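Please treat every number below as a calculation from the coordinates, not as lab data. This structure is a prediction, so every number in the text was calculated from the model and none was measured. Counting neighbours? That spans all protein chains shown, and the Cβs are built from the backbone with ideal geometry, glycine included.
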Amino acid sequence: MFTIIRDLIRYNIEFAIGLAILLLLIGAVILSFFSPYPAADIYVVPPDMPPDAEFWFGTTSRGQDNFWQLVIALRNTFAFGLAVAFLSRILSLVVGLTAGYAGGRVDRVLMAINDSIMVIPHFPILVLFYFVLKDEMNWLMLVLILSALGWSYDARLIRSIAMSLRTRPFTTQSVYSGMSMRKILVEEHLPYVMPIVFATTMNNMIWSIGMEITLSVLGFTDVDTPTMGQIIYWANSHSALISGIWWWVAAPVVAIIVLFIGLFLLSMSMNEYIDPRSRLNRMGS
Amino acid sequence: MAAYMIFVARRFGQLLLVVFLGISATFFISHMTPVDPVAESITAITNFGKSDPEAIDLMRKTLTELYGLQGNLFEQYVTFWSRLIRGDFGPSLSAFPTPVSQIIFRALPWTVGLMISATLISFLLGNTLGALAGYYRKSRILKILSLGLIGLQPIPYYVLAFILLILFGFVWPVLPITGGYEMNADLTLSFTLVLDIVRHSILPAMALVLVGAGSWLTGMRALTSNIVTEDYVTFAELGGVGSTRILRSYVVRNAIVPQLTGLAMSLGAIFNGTVITEIVFGYPGIGTLLINAVHAGDYSLVLGLASLSIIGVAIAVFLIDILSPLLDPRIKAE
Amino acid sequence: MQTEALLHAPEAATQPTLVVDRLKAYYTTKAFGIDRDIRAVDDISLTVAKGEIYGVAGESSSGKTSLIKTIVGAIRPPLHVVDGTVRFNFSGQSYDIYDMKPDKLQAIRWRHLSYIMQGSMNVLNPVRRIKHSFYDFAFAHMGLDRATFWDKVRDHLRRLDLDPGVLDSYPHQLSGGMRQRTTIALATVCTPEFIVADEPTTALDVIVQRDVLAMLRDIQRDLGSSFLFVTHDMSVHATVSDRVGIVYAGRLVEEADTPTLFRGARHPYTQHLVASLPKIGDTTRRASLPGRPPSLADPPSGCRFHPRCPLAMDICSREVPTMTNLTPRHRVACFAVTGATP
């Protein structure tokens, strides 16, 4: 594991940049625990101050320090992305490994459901959820909903690997030695798909954080937990751009872009490392 | 041909399953609400001043019937389906008594038009650049272009649209940033109107293309660099077939089928993007309608929009799915 | 430049159609910090005379395919030519494959130099009808109007006992043998002077194999083309090739006329290849060679065969034996045969 990361840093510039960005952002997340102001408090600093030595990213019209708001939002956004990724990875592993290993009718049924979830447009469903839940729509609820929607693409990926694992001799050997299906999947097949699971985590975070940002900018989430989208929501509702408080909008937008490019670079380089075909392309043989 | 019909039948089964699951989800989500939509609506209406208790009672009855909320959950579910099949989503609350279906069909052409044109442009642009970048691997211009488009790909639709809005609304205001046409435009068909509509669609379409093209490019580039090592490409090169011909008839022709499958699979996501982009630019399509319906507490309109989005996307997926094998003779004859 | 290969030209009077001189082509790879050279073609010289069928034999991954790909100029990075030349003589004109403009090279392809690939599923574009392949490959080279061109193509197919109806089929609708015969028809429709055939019969079953071989022989007799015929199957060489070169780990180790090679092979590796052929009435077990073919990324020093060679001597692990003529038409690279002077 360590040598893989070392090799990737040394020979894969995308990975190195992505990792650097991610470490920087994680640093900001750690910093957020030392925030001098509680996240939800307003009018703790003079409002509408442009960026200067005291307020690095300026202050908002709600009298909050933009920098500290941003690092706290980053923490929440990260936590959100990781939580969704974790739960949806479990779902996609269960479905993907089972479908790939069992094959036949089980596979067909699971994949039919899988493909349905893949093509159903998520955004109207999420809006509908907000519409019926209103104030009940909190952080945890959104995590659960997005996890339930965000596993299908990766389940297909895992299934295709599980299908090839099923035909390998070691699987046959495990079957003949009387291992249960659950045991074969967890002990024999899981280690093979773990790299893919890691790589898809990044993509899944890009997706779920993007959805969360969109929903919070529209005000369709719990408006009291600061996230990246939340900051833009408040900035919009105070017409920050029209009144020239550009830093209120610029800071989260830049942070979002940096975060997404970092995640994307990591996912791309990990995919390239894992996928033998793209590696072969690189080696050219 | 028989094999193809079986294929179509299987895809049709998948279409039915998608619609069934999606609509059932819509139904159950809308019924797990802790809020009583009837009470909500009454509050919304009585906000305007009327509060005759008898009238409210009557209103409650009517709304319960209109929303299909009589009887137990199963009866309601059956009512939901039977109305859906008739295309009846009830009257809109915010534009009472206009039927929801009528409101939706007024917004639909905007969304469909924007989505089809943006998807077509990004699919063609991404695939063309991807094929070129995969075939001419040394070209520096292609590398830079690819890098740019791939870099935009992970950015959420909302954020990119928002950035375009800032750039073209505040920094360099050359394009209209909101609406589908000029406020007081003369809505009879004329060249000026068409031009106006096109001008208004540039920014939303640009946002969709900039986010979308990168993924087609990456996919096509990977497919191309795999296909160029196939025997039939090597053989054509040895046969002195020109490189443009090889790229077009040998490489792209073989890569396009998996790319179309990819298009079908990502149509739901593209629809999300279109809807979200519409909201940013106040484009008069499904997305803007949906947000307004949520803000107005228009229960039947939100439900109708969600159901119709699912059905519409599912049908589009089905059409792409059954058309793409026609490009591959192996599947037709199998 | 005086070339080693020219000295061994079978008929010094007429120009050989192909002259390969001290050709070296390596795969150079750089991936995740590992740089390496795979010496797939290492210092090979050979000539093919007009109208001759020159066979190339060797185990899989011995560098045969890399050799012919380099000869026809079909290499793609990371395979690249390090040294040496490949020269063709067509209708009195000389062409250096690695010293000519790409469009010139494209112009001689198929007209003069054509190629038959290993009969796999994928040689013909799977999504287009076969007539399109004929059009793409041959039309520009024949300089005919469309009607005459298609007449000519149909005539050619009929002459090869193929129904012109194959033109309207897709590759997957044909059987393996039909597909390969169509590919051969495609490769010969322009009556090229030089044809490279890479394992043309390997993927086919034995009966079809015999048909295809007979077809190739007929074509060669009709057109008088030169062939570079590559297969690992020594029995095919025995029936088809006029002369055979044996490749081992990227190097040529022995070359002789087919009868000479099969009756009096000198290199221990060739002797082994010949001895492993089944003979009618012979019931002795075939001895298999100890060890595995060497990795081209990290080949043994000296003679690359020495770790598996029954005659290996001290010098074999230190020095590289050069090709030495035993007779004007029989060359071998082995210290045990030519004496231990490098």
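Cut-off 10 angstrom, C-alpha nodes, Gaussian network model of chain A. Which of A:Ser32, A:Ser267, A:Ser116 fluctuates the most?
Between A:Ser32, A:Ser267, A:Ser116, it is A:Ser116 that shows the largest mean-square fluctuation.
Which FRET efficiency value, to the nearest 0.05, is calculated for A:Ala16 and A:Leu144 with the Förster distance at 30 angstrom and r the Cβ-Cβ distance?
Rounded to the nearest 0.05, the efficiency is 0.30.
Plugging the Kirkwood radius over Cα pairs into Stokes-Einstein for the range B:107-296, at a temperature of 10 °C and a viscosity of 1.306 mPa s, what D comes out in µm²/s?
Taking Rh from Cα pairs, D becomes 88 µm²/s.
Compute a Gaussian network model of chain C, connecting alpha carbons closer than 10 Å, and tell me which residue from C:Arg159, C:Arg331, C:Arg87 fluctuates the most.
Looking only at C:Arg159, C:Arg331, C:Arg87, the biggest GNM fluctuation is shown by C:Arg159.
Kindly flag which residue pairs out of C:Lys24/C:Lys101; C:Lys50/C:Lys104; B:Lys143/C:Lys104; B:Lys138/C:Lys69; C:Lys30/C:Lys69 have an alpha-carbon separation exceeding 24 Å in this structure.
Among C:Lys24/C:Lys101; C:Lys50/C:Lys104; B:Lys143/C:Lys104; B:Lys138/C:Lys69; C:Lys30/C:Lys69, the Cα-Cα distance tops 24 Å for B:Lys143/C:Lys104.
Which of the lysines could be linked to B:Lys61 by a straight reach, that is with a Cα gap under 18 Å, when you skip same-chain ones fewer than 8 residues away?
Those lysines meeting the cut-off are B:Lys50.
So what are the ³J(HN,Hα) numbers for the range A:46-59, from phi and the Karplus equation (6.51, -1.76, 1.60; θ = phi - 60°), rounded to whole Hz, Gly and Pro as x?
Rounded to whole hertz, the list is x, x, 6, 7, x, x, 8, 5, 7, 10, 4, 10, x, 10.
Can you work out the base-10 log of I(q)/I(0) for the range B:274-334 at q = 0.21, 0.23, 0.25 1/Å, using the Debye formula on its C-alpha atoms alone?
-0.82, -0.91, -0.99
With viscosity set to 0.692 mPa s and temperature to 37 °C, compute the Stokes-Einstein D of the range A:2-283, Rh being the Kirkwood radius across alpha carbon pairs; µm²/s, no decimals.
157 µm²/s
Amide H neighbours of C:Ala203 under 5 Å, counting only residues 5+ apart in sequence or on other chains, H built in-plane at 1.01 Å?
The answer is C:Gly119.
Put +1 on the Cβ of each Lys and Arg and -1 on the Cβ of each Asp and Glu in chain A; which of A:Met163, A:Val119, A:Phe220 then has its Cα farthest toward the positive end of the dipole?
A:Met163
Using only atoms on other chains, find how many Cβ atoms lie within 10 Å of each Cβ of peptide A:208-216 and report the average.
Averaged over the peptide's residues, the number is 4.
Between A:Gln173 and C:Ser276, take the C-beta separation as r, use R0 = 25 Å, and let me know the FRET efficiency to the nearest 0.05.
0.15
With angles folded into 0 to 90 degrees, how steeply does helix B:191-227 sit against the dominant principal axis of chain B? Use alpha carbons for both and round to 10.
It is inclined by approximately 50 degrees.
Can you compute the modelled spin-label distance between B:Gln70 and A:Ala102, with each label point 7 Å from Cα toward Cβ, in nm?
Calculated label separation equals 4.2 nm.
Give a residue-ordered list of calculated ³J(HN,Hα) values for the range C:295-307 (Karplus: 6.51 cos²θ - 1.76 cosθ + 1.60, θ = phi - 60°; whole Hz; x for Gly, Pro).
These are the phi-based 3J(HN,Hα) values: 6, 6, 6, 9, x, x, 6, x, 6, 5, 8, 4, x Hz.
Given bins 10 angstrom wide, list per bin the percent of all Cα-Cα distances in the range C:34-99, short to long.
16, 50, 27, 5, 1
Scan around C:Leu18 for amide H atoms under 5 Å from its own, H built in the peptide plane at 1.01 Å from N, and keep only partners 5 or more places away or cross-chain.
C:Val48, C:Asn89
What does the helix-only formula give at 222 nm for chain C: each DSSP H stretch with n ≥ 4 adding -39500 (n - 2.57), the total divided by the residues, and the result rounded to the nearest 500 deg cm²/dmol?
One gets -7500 deg cm²/dmol as the mean residue ellipticity at 222 nm.
Could you tell me what % of all Cα pairs in chain C have separations over 38 Å?
18 percent
What whole number of Å gives the distance from the Cα centroid of the range B:251-270 to the Cα centroid of the range C:182-254?
41 Å
What helices in chain A pass both tests, a Cα length along the helix axis of 15 Å or more and a mean Kyte hydropathy of -0.5 or higher, using whole DSSP H runs?
Those that clear 15 Å and a mean of -0.5 are A:13-32, A:66-102, A:104-119, A:122-133, A:139-149, A:152-166, A:190-217, A:246-274.
Under a crude label model (7 Å from the Cα following the beta-carbon direction), how far is C:Asp37 from B:Phe7 in nanometres?
Once both label points are built, they end up 4.9 nm from each other.
Residue farthest toward the positive end of the dipole of the range B:107-296, with Cβ of Lys/Arg at +1 and Asp/Glu at -1: which of B:Tyr157, B:Gly134, B:Thr261?
Working it through, the farthest residue towards the positive pole turns out to be B:Gly134.
Mean residue ellipticity at 222 nm from the helices of chain B, using -39,500 (n - 2.57) per DSSP H segment of n ≥ 4 over the full residue count, to the nearest 500 deg cm²/dmol?
-24500 deg cm²/dmol
How long are the semi-axes of the ellipsoid equivalent to the range A:183-274, from square roots of 5 times the Cα gyration tensor eigenvalues, in whole Å, largest first?
One finds semi-axes of 37, 15, 7 Å for the range A:183-274.
Scan around C:Phe227 for amide H atoms under 5 Å from its own, H built in the peptide plane at 1.01 Å from N, and keep only partners 5 or more places away or cross-chain.
Long-range HN contacts for C:Phe227: C:Glu52, C:Ile53, C:Tyr54, C:Ile195.
For A:Ala79 and A:Arg182, compute 0.36 nm times the residue count separating them, minus their Cα-Cα distance, and round to one decimal in nm.
Result: 34.1 nm gained on full extension.
What residues of the range B:83-110 lie in the reach of a label at B:Ile315, counting those whose backbone N is under 18 Å from a point 7 Å from the Cα along Cα→Cβ?
Answer for the range B:83-110: B:83-90, B:100-110.
Where the centroid of each part is defined by its Cα atoms, how far is the range B:105-169 from the range A:77-138 in Å?
Spelled out, the Cα-based centre of one part sits 27 Å from the other.
Given the peptides C:125-136, B:194-205, arrange them by the average over their residues of other C-beta atoms within 10 Å, most packed first.
Those peptides, ordered most packed to least, come out C:125-136, B:194-205.
Please tell me the relative contact order of the range B:107-296 in percent, rounded to the nearest whole number, where contacts are Cα pairs under 8 Å and at least six residues apart.
37 percent
Compute the projected area of the convex hull of the Cα atoms of chain B, averaged over all viewing directions, and report it in nm² to one decimal place.
In nm², the orientation-averaged hull projection of chain B is 22.8.
Tell me the angle of helix C:176-188 to the major Cα principal axis of chain C, expressed in degrees between 0 and 90 and rounded to the nearest ten.
80 degrees
Could you work out [θ]222 nm for chain A from helices alone, using -39500 (n - 2.57) per DSSP H run of at least four and dividing by all its residues? Round to the nearest 500 deg cm²/dmol.
-24000 deg cm²/dmol
Between B:Val112 and C:Ala147, take the C-beta separation as r, use R0 = 60 Å, and let me know the FRET efficiency to the nearest 0.05.
The calculated FRET efficiency here is 0.80.
Which value, in debye to the nearest 20, gives the size of the charge dipole of the protein assembly as shown about its Cα centre, when Lys and Arg are +1 and Asp and Glu are -1 at the Cβ?
The calculation lands at about 3000 debye.
How big, in percent, is the set of alpha carbon pairs in the protein assembly as shown lying more than 55 Å apart?
That tail contains 30 percent of the Cα-Cα pairs.
For a bin width of 10 Å, list the pair-distance distribution of the range C:96-200 built from all Cα-Cα distances, rounded to whole %.
Calculated over all Cα pairs of the range C:96-200, the distribution is 15, 47, 31, 7, 0 percent.
Please name whichever of A:Ser208, A:Val95, A:His238 sits farthest to the positive end of the charge dipole of the range A:2-283, dipole taken about the Cα centre and charges placed at Cβ: Lys and Arg +1, Asp and Glu -1.
A:Val95
Give me the tail of P(r) for the range B:210-312 as a percent: Cα-Cα pairs with distance above 21 Å.
54 percent
Using Cα atoms only, what is the angle between the long axis of helix B:73-85 and the major principal axis of chain B, expressed in degrees (0 to 90) to the nearest 10?
It is inclined by approximately 60 degrees.
Between Rg and the Kirkwood Rh of the range C:210-342, both from Cα atoms, what is the Rg to Rh ratio?
1.00
For the range B:107-296, with only Lys/Arg (+1) and Asp/Glu (-1) charged at the beta-carbon, what is the dipole magnitude about the Cα centre, in debye rounded to 20?
Computed charge dipole of the range B:107-296: roughly 680 debye.
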